[in-house]
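What follows is a set of notes on a single structure, which appears directly below.
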Amino acid sequence: MPKFQELKRNRRAIKICCGFALWVALSAHLLSAASPQIDAVVSKEVIARIAGLDSPPEPIAEDWLVHHSGRKSGVFRTDQPRELVLDNGLLRRSFLVAPNLGCVEFKQLQSGAALLRSVRPEGRVSFNQKEYNIGGLRGHSVENFLQPNDLARLSADPAAFQFESFSTRPIIARFPWKPRKEWISVPINWPPAGIELQLRFRPPNAAPELPADLRVVVHYEMYDGIPLLCKWMTIENGSQDSIHLTGFTSEILACVEASSQVEELAEPFTPALHVETDFTNCSMHGGKRSNGRGSLDRRPGICNSGQLSPRYEVSVGVSTAPRSERRR
């Protein structure tokens, strides 16, 4: 893994990739651009924008591998005025946007299986060797599961990057692609159909060492007709100050237990997520057995609380980062 580059006010883009999937895949980019300052709280305009969204349609009932429902990916609201929903009828990821942004639901809609047991930050970044959470909420009484009545008790971490706004757009092609007709049975659209959601975060007030115009943008792409999403982050420095990105973790999930095991198993069960990363090289997947690449971490230590296992050895976490960044 090469050294992370110095982030300055310029137009060069340095791509640093890491991934996650349910299918889910992730990347991280470094960019530079000017960005305005905002207040410390989520604005009333953000809440009003969410209130103006539609409610999500009913989940898709047909087998998505056999039938094409025509259902489009979109951003929606719920009865909770602070909740923003990314949904394509097969997969749903919901975020509470205040007092800070945190993912409060990750669900496979056809089976109804909930994948989260508690809230974690959207990711982490390290600038000049100091680490900062990106969003996240705290205050869980227990971390075995999430219920709607828990949301009112959650609070923001003042030392984390704070959510300020969101935006959406159609998916943009990342690179030119020429389909080989002899390899495919039906025409394929490029870029794929779906929606991109951008979540914008500003530095915490408790971090005066960071430029006020520094922004972290978390990107999600959700695709039509498949339980798949992609996630990456971009970092924008709109100031004249130089800053070093010294590390990042692009996804952190505390998942439900895949099994109620209390003893050692030859092959431990892991959360029902298939994960691919841009750090997967010379292998079929990004896990620990991927020729030592190790960008995917499923260690139990990501979320120990509330496990049935008395030794807290069940893998209930998913974390993606460059190998040198794997920690918790």
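Couple of notes before you dig in:
- Translational D in µm²/s for segment 105-166 (Stokes-Einstein at 20 °C, 1.002 mPa s, Kirkwood Rh from C-alpha pairs): 160 µm²/s
- In plain terms, the chain from ILE47 to ALA258 could stretch by 72.4 nm, reckoned as 0.36 nm per residue minus the Cα-Cα distance.
- The length gained on full extension between ASP241 and SER126, counted as 0.36 nm times the residue separation minus their Cα-Cα distance, comes to 39.8 nm.
- Rolling a 1.4 Å probe over the protein heavy atoms gives segment 139-244 an accessible area of 50 Å² per residue.
- Dividing the Cα radius of gyration of segment 68-195 by 2.2 N^0.38 Å, with N the residue count, gives 1.31.
- Of the accessible area of segment 154-200, computed with a 1.4 Å probe over protein heavy atoms only, carbon and sulfur atoms account for 61 percent.
- Assuming charge only on the beta carbon of Lys and Arg (+1) and of Asp and Glu (-1), the dipole of segment 127-209 about its Cα centre is about 460 debye to the nearest 20.
- Charge dipole (debye, nearest 20) of segment 186-266; +1 at Cβ of Lys and Arg, -1 at Cβ of Asp and Glu: 320 debye
- When the pairs LYS178/LYS231; LYS72/LYS231; LYS44/LYS107 are compared against a 22 Å limit on Cα-Cα distance, LYS178/LYS231; LYS44/LYS107 fall above it.
- Taking all protein chains as they are arranged and a probe of 1.4 Å, the heavy atoms of ASP150 leave approximately 20 Å² accessible to solvent.
The values are calculated or read from the model by the stated rules, or taken from the named source; none is laboratory data. The structure displayed is predicted, hence computed values, not measured ones. Reconstructed Cβ throughout: ideal geometry from the backbone, glycine too, with neighbour counts over all protein chains shown. Ligands, DNA and RNA are stripped out before the accessible areas are found, and what is left, the full protein with its side chains, is counted by its heavy atoms. Shrake-Rupley method; radii C 1.70, N 1.55, O 1.52, S 1.80 Å.
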